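Have a look at the structure below before the remarks.
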Amino acid sequence: MSTLIVSDLHLHPEAPEVIDGFLGWLQKRARGVDALYILGDFFEAWIGDDILDMVDVDASGNAALAADIATALRRLADDGTAIYLMHGNRDFLLGQRFAAAAGAKLLADPALVMFHDEPMLLMHGDSLCTRDETYMAFRAQARQPEWQQQVLAMPIADRITLAASLRQQSGEATSNKADDIMDVTPDEVVQAMRDHGVTTLIHGHTHRPAVHELEIDGMPAQRIVLGDWQPGRGWEVVIESDGRPTLQQIDL
């Protein structure tokens, strides 16, 4: 029995090498595993599940990408792999329709999951970056159902423009922020793990792959951070039958 966990693929029509790398990884690496968890920012942007209706008319390529990825995941699911999708800060509008098309289940953030009788906490990771006050304010707004419905009611073309604008603003803001603001707040990490009674936390978002050894209430603990995917390179956490998670870089 084995489980794979990935995050921050940022799939986008303008990054065909990452798309091809992921599809190849699904066929060669993920096929036959018991479960696959994708912890957010699976797509660089997600403008609504109705993009699946636009394959023949969407010049941006987002619709074709969404359909191709859903089909590839569905093949994996049909072969017996359980697939779980968590929202990230880029694809928070990912909905039940896409999940159903992909044969996947949407996963809450945070999610407490048992792996071989060991509880572990899975998160995207953005909610831990509380020192980034500007982003936290946007995150609170973007998670409101009323705001999401307003966005989803916009014409597709307007949503594509909005997504591009948000990407640009995010890039500009990131370049002007100190490194410690962009990373997790240590106290938030400890509190989240304490609240859920775990000694292992796995997340993405920060694009800083590492295994951090901690101590929580006198107990050894660890925070495993997944890296983002780039052309030719990705990151995964593997949990084998012994229940121990291992972070490793993968060649695509």
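Annotations for the structure displayed:
- Residue within region 134-148 that is modelled with pLDDT of 95 or more, touching a Ser or Thr at 6+ places or on another chain (Cβ under 8 Å), of a type outside the set (A, V, I, L, M, F, W, C) and under 16 Å from HIS203 (Cβ atoms) present: no
- For region 223-231, the criterion of being at pLDDT 95 or above, open to solvent by 30 Å² or more (accessible area, probe 1.4 Å) and not β-branched (Val, Ile, Thr) is met by at least one residue.
- Only residues that are outside any helix (DSSP H, G or I) and either open to solvent by 20 Å² or more (accessible area, probe 1.4 Å) or acidic (Asp, Glu) (or both) were counted in region 21-35, giving 3.
- Pairs are defined by a Cβ separation below 7 Å, a sequence spacing of at least 6 or placement on different chains, a first member in region 136-158 that is within 29 Å of ALA59 (Cα to Cα), and a second member that is polar (S, T, N, Q) and open to solvent by 60 Å² or more (accessible area, probe 1.4 Å); the pairs so defined are TRP147/GLN141.
- Checklist (1) within 23 Å of ASN89 (Cβ to Cβ); (2) open to solvent by 20 Å² or more (accessible area, probe 1.4 Å) applied to LEU9, failing item: (2)
- Test: residue in region 138-154 that is aromatic (Phe, Trp, Tyr) and open to solvent by 50 Å² or more (accessible area, probe 1.4 Å): yes
- Region 161-183, residues that are under 20 Å from the mean Cα position of the chain (by Cα) and modelled with pLDDT of 80 or more: ALA163, ALA164, ASP183
- Counted residues, region 180-224 - those being assigned to a loop (DSSP other than H, G, I, E, B), among the small types (Gly, Ala, Ser) and farther than 21 Å from ASP117 by Cβ: 2
- Residue selected from region 36-67 under the condition touching a residue at least 40 places away in the same chain (Cβ under 8 Å) and charged (D, E, K, R), by the criterion surrounded by the most Cβ atoms within 10 Å (Cβ to Cβ): ASP41
- Checking each residue in region 214-238 for being farther than 20 Å from PHE42 by Cα and either under 14 Å from the mean Cα position of the chain (by Cα) or not polar (S, T, N, Q) (or both) picks out LEU214, GLU215, ILE216, ASP217, GLY218, MET219, PRO220, ALA221, ARG223.
- Single condition ILE83 does not satisfy, out of (1) over 30 Å from ASP132 (Cα atoms); (2) open to solvent by 20 Å² or more (accessible area, probe 1.4 Å); (3) not in a helix (DSSP H, G or I): (2)
- Residue ID - least open to solvent (accessible area, probe 1.4 Å), chosen from residues in region 93-107 that are in a strand (DSSP E or B) and in contact with a helix residue (DSSP H, G or I) (Cβ under 9 Å, 6 or more places away or on another chain): ALA104
- Some residue of region 108-122 being more than 26 Å from ARG244 (Cβ to Cβ) and either part of a loop (DSSP other than H, G, I, E, B) or open to solvent by less than 60 Å² (accessible area, probe 1.4 Å) (or both): no
- Criterion (at pLDDT 95 or above and either under 18 Å from the mean Cα position of the chain (by Cα) or under 17 Å from VAL18 (Cα atoms) (or both)) met by exactly one of ALA45, ALA66: ALA66
- Verdict on ARG90 being open to solvent by 30 Å² or more (accessible area, probe 1.4 Å), over 21 Å from SER165 (Cβ atoms) and not acidic (Asp, Glu): no
The values are calculated or read from the model by the stated rules, or taken from the named source; none is laboratory data. Note that the structure is predicted; figures quoted are calculated from it, not measured. Neighbour counts are summed over all protein chains in view; Cβ atoms, including those assigned to glycine, are modelled from backbone coordinates with ideal geometry. Please note that ligands, DNA and RNA were not included when accessible areas were found on the heavy atoms of the full protein model with its side chains. Shrake-Rupley method; radii C 1.70, N 1.55, O 1.52, S 1.80 Å.
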